[in-house]
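Presented below is the structure to which this report refers.
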Amino acid sequence: MNDHELMDAALEQAVKSYDEGGLPIGAVLADDAGNIVARGHNKRVQNNDPTSHGETDCIRNAGRRRDWHELTLYTTLSPCVMCSGTALLLRIPRIVIGENKNFSGEEALLQERGVELDVLDHAGCIELMAKFQREKPDVWNEDIGL
C-alpha cells in the first residue's frame with residue numbers, strides 16, 4: 001500500500017469514530033512494506049477518556065513491539081502534543097498527516113526531533129473534520145480545539 005491508500009485506511013477509522021458520535025480522527029501504523037500493523041480511532045467521547053485520541057488508540061492496539069523505529073504513523077489530523085509526545089517516546093521516525101488546515105498540531109516539535117513529516121492535504125480528511133467542527137463545536141472545544 002502507498003501513502004494515499006494508507007491514509008484512506010486511517011480515514012475509514014475517522015469515519016468510524018464520527019459514526020459512533022466521536023471526534024473523526026483515525027490512524028494506522030504501517031511497516032516499511034506498507035502492511036498495516038494496527039488501526040485506531042478517537043474514542044474520547046465514546047470511552048469518556050481524554051487520552052483516547054486516534055493516534056494513541058492505534059498505538060495501544062499495536063501492543064508491545066520492538067520495531068517502532070521501523071513504522072510509519074498515518075493520522076488524519078496533525079497530531080496534538082500528547083500524540084506527538086507518544087510518537088517521540090516510541091521513536092516513530094515518520095508521520096504522514098492527512099491534514100493540518102483545521103488544526104495544526106506539534107509539527108515543529110516533531111521536526112525538531114528529527115521526525116519526517118509528510119502532509120497530504122487529503123480532501124476527505126479536511127472535509128470530515130470541518131464538518132465535525134461545524135456540527136459539534138462544543139465537543140471539539142472540550143480539549144484539543146481550545
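The values are calculated or read from the model by the stated rules, or taken from the named source; none is laboratory data. Note that the structure is predicted; figures quoted are calculated from it, not measured. Quick reminder, even Gly has a Cβ in these numbers, built from the backbone with ideal geometry, and neighbours come from all protein chains shown. Accessible surface is based on the protein model in full, side chains and every heavy atom, while ligands, DNA and RNA are left aside. Shrake-Rupley method; radii C 1.70, N 1.55, O 1.52, S 1.80 Å.
General observations
- Prolate/oblate/rounded call for segment 82-146, Cα gyration tensor, a/c under 1.5 rounded: oblate
- Cut-off 11 Å (backbone N to label point 7 Å along Cα→Cβ of E12), residues of segment 36-60: 36, 39
- For segment 51-86, applying the loop criterion from DSSP together with a ceiling of 16 other beta carbons within 10 Å to the trypsin sites (Lys or Arg not before Pro) yields R64, R65, R66.
- Think of each Lys and Arg Cβ as +1 and each Asp and Glu Cβ as -1; about the Cα centre, that makes the dipole of segment 31-146 roughly 360 debye.
- About the Cα centre, charge dipole magnitude for segment 1-99 (Lys/Arg +1, Asp/Glu -1 at Cβ), debye: 460 debye
- Counting only DSSP beta bridges whose two residues both lie in segment 1-114, roughly 70 percent are antiparallel.
- Dividing the summed -39500 (n - 2.57) terms of all DSSP H runs of n ≥ 4 by the residue count of the chain sets its mean residue ellipticity at 222 nm at -12000 deg cm²/dmol.
- Modelled FRET efficiency - R0 25 Å, D49 with E5, Cβ distances, 0.05 increments: 0.25
- For segment 64-109, a crude dipole built from +1 on the beta carbon of Lys and Arg and -1 on the beta carbon of Asp and Glu, taken about the Cα centre, is about 220 debye to the nearest 20.
- Maximal additional length on extending the R91-N141 stretch stands at 15.1 nm, based on 0.36 nm per residue less the C-alpha distance.
- Top positive-direction residue, dipole computed over segment 1-79 with Cβ charges, set A27, P50, N61: P50
- Accessible area per residue in Å² at 1.4 Å probe, computed on the chain: 48 Å²
- Segment 41-89 and segment 106-135: distance between their alpha carbon centers, rounded to Å: 14 Å
- Three-way shape label, segment 1-94, alpha-carbon gyration tensor, a/c 1.5: oblate
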